[in-house]
Amino acid sequence: MTLKEVYTWAIQNGEESLMLLIEFLILEKEVLDWENDSKELNLYFKPNNKKRMNKLLKEYKEGQT
């Protein structure tokens, strides 16, 4: 499944956190692309990345409003 498909699913199911993560990685950091496999997200869900990712996503979300 591509990130575009996952993003579409997240929109349809109200998964705001997942939408934000994908937007952040593709649009802000440009480390992934809409056609990447969803497995690429596994790195960002690892426990050792949780604290840092939460901080980055919170800052990103605040910058959008």
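Just so you know, all these numbers are worked out from the coordinates, no wet-lab data involved. No experiment lies behind these values; they were computed from the predicted model shown.
In this structure the amide hydrogen of TRP34, modeled in the peptide plane, comes within under 5 Å of no amide hydrogen from residues 5 or more places off or on another chain. At full extension, LYS4 and VAL31 could sit 8.3 nm farther apart than now, given 0.36 nm per residue minus the alpha carbon distance.
Both radii come from the Cα set of the chain: Rg as radius of gyration, Rh as Kirkwood radius; their ratio Rg/Rh reads 0.94.
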